[in-house]
Every structure is written in C-alpha cells, then in structure tokens.
Amino acid sequence: MSGRKQKWSEHPSATPQPMPTDKRFIDLTGRVFGRLCAMFYVGRTASGGLWHCQCTCGRWATLATSNFKYDRQISCGCYRREVECSHEETRMAEYTVWKMMKDRCSNKRSRLYVNYGGRGIAVCEQWRGSFRSFLNDMGHRPSSKHSIERVDNNGHYEPRNCRWATMREQLRNKRNNRRLTYDGKTMCLSAWAEHVGLPRYLLSGRLNRGWTPEAVLTTPINLRFSRPSKPRC
Ligand SMILES: [Zn+2]
C-alpha cells in the first residue's frame, strides 16, 4: 500500500467491516502512529489489515498495517509539509544539488568526500538545515547546464561564496594561475588579493563579471550591495 497513491479526504470514506477472528490477526483499532490513528477495520490484504485512519489535521484515508511498520508513515503528509520539503520540492533539480552538496561535505562514505568534507569544506548552518533557505539564497538554477560553484574554491558552501555557473565558467574560475596586470605589475590573483587586502574570491568574482583590472583591484567592498538576509522559513 505504501507504493500506492493515498487518497486523503476531509470525511470518512469507508464503512467499518467485521474484524477477522483468527488469532494471528493484529487489531490496530485505536492505535496511534504519530499523527495517525487507526479508527476502524475496513478490509485486509495478504500482508495484514486495512484501516481507515484519521490524521490529527482531520483528514481520512485507508492505510495498511504495513504502512505503520518502522514508523514508515506518521501523518497524512501534513507533518512533512510543515517541517520538511514538499514532494514537489524534493523533485526539483535544486533539491538534488542541495542534497549532493551536503553529502560530499559530510558523508564520509561519499566518493567525493575526500575533495570536500575531507578538505574542510562545509555547508553553512542555515543551508544545512533547510532546503528552502538554500533555494531562497541561490534562486532557481538558470538551466540544466548550471551547477553550484564556490567562487573561492577553498571557501565554504555559503550564500556569499556560491552561485550557479556552467561547467565552462567553473573551469575558467578554477584556473588558479589567473594573472592580472595593473599599474605595471603582473601578479597572480592570490598575490593581488594579499597586496590590496581584499579576498581573492571577491577579485575573482569581479573579473568574471567583466570588470577592468583597475576596478577589480581598487573598488572597496561595498556592504550596501551585499545580499540582504532573507526571512527563514
Ligand atoms: Zn495530517
């Protein structure tokens, strides 16, 4: 039954049936599973009973005994909607990006962990705990060719260090031998960053946006342009 689409309705939509009398049959009448309560018996399948259940939000549906094993189901979906992402959200491409990002930073069994979590790259707390927060900050992925890029390759996954970029843009940014000539001097970006006292990712981001070397190196950080914090859900 867990694979079948459940029909939840505002009112009871089944009639009680007489319960089987065999001793092995487990009566779940009145039993509570999270937000669900098995209200009455309505039939059986090969694996157990079918129960007309009510959720604490008021909705009714018929569920099989197997739905309750190992806390497989604890609400009509209202709990999930409140604390987790909706089914629609989990099917978004951005959700997969979010999940894989967390996986390579924190799951030691991930094939990619060694290059991320193993190098000390982490996902900021607000993103770790909430896909919606991640989506709020990043916006939707512009196209299927875009993936998440950390502007500073040694920086964390956090709003100020991430953006959607195509593979081509990412390769361009990863070239750590990027050189910049200004005022008669040619140095790599890291050296310039140290020289002018600005973070390397900032200079790199400005270059990507097509700024001139002078603007890249002499424009101070303007906090007024930083992204305002969004309300968390
Ligand atoms: Zn509910």
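If you check every pair at least six apart or on different chains, which have Cβ atoms under 8 Å apart with a residue in region 25-53 that is more than 20 Å from Tyr70 (Cβ to Cβ) and not assigned by TED's automatic domain parsing to the domain that holds Thr15 first and a residue that is part of a loop (DSSP other than H, G, I, E, B) and basic (Lys, Arg) second?
That search, which allows pairs on different chains as well, returns nothing.
Being charged (D, E, K, R), surrounded by fewer than 17 Cβ atoms within 10 Å (Cβ to Cβ) and not in a loop (DSSP other than H, G, I, E, B) is the filter here, so list the residues in region 100-127 that pass it. Talk me through it step by step, then tell me what you get.
From region 100-127, those charged (D, E, K, R) are 102-104, 108-109, 111, 119, 125; that's our starting set.
After this cut, where a residue has to be surrounded by fewer than 17 Cβ atoms within 10 Å (Cβ to Cβ) as well, the list is 108-109, 111, 119, 125.
Passing the criteria: Arg119, Glu125.
Quick check on my filter: what residues within region 58-94 are more than 16 Å from the ligand (Cβ to nearest atom), crowded, with 17+ Cβ neighbours inside 10 Å and not in a loop (DSSP other than H, G, I, E, B)?
Answer for region 58-94, where residues must be more than 16 Å from the ligand (Cβ to nearest atom), crowded, with 17+ Cβ neighbours inside 10 Å and not in a loop (DSSP other than H, G, I, E, B): Ala64, Thr65, Glu94.
When you go through (1) of a type in the set (A, V, I, L, M, F, W, C); (2) buried (at least 17 other Cβ atoms within 10 Å of the Cβ); (3) within 14 Å of the ligand (Cβ to nearest atom) one by one for Leu50, which number turns out not to apply?
(3)
Could you list, ordered by first residue, the pairs with Cβ atoms under 8 Å in which the first is in region 86-99 and at negative phi and in contact (Cβ under 8 Å) with a residue 12 or more places away in the chain and the second is surrounded by 12 or more Cβ atoms within 10 Å (Cβ to Cβ) and of a type in the set (Gly, Ala, Ser), at least 6 apart or interchain?
Once the first residue is at negative phi and in contact (Cβ under 8 Å) with a residue 12 or more places away in the chain and sits in region 86-99, its partners that are surrounded by 12 or more Cβ atoms within 10 Å (Cβ to Cβ) and of a type in the set (Gly, Ala, Ser) give Val97/Ser147.
Which ones in region 1-47 are away from the ligand (no atom under 16 Å from the Cβ) and acidic (Asp, Glu)?
Once the filter is applied, which keeps residues that are away from the ligand (no atom under 16 Å from the Cβ) and acidic (Asp, Glu), region 1-47 yields Asp22, Asp27.
The values are calculated or read from the model by the stated rules, or taken from the named source; none is laboratory data. Bear in mind the structure is a predicted one, so any value in this text is a computation, not a measurement. Cβ: placed from backbone, ideal geometry, glycine included. Neighbour counts: every protein chain shown.
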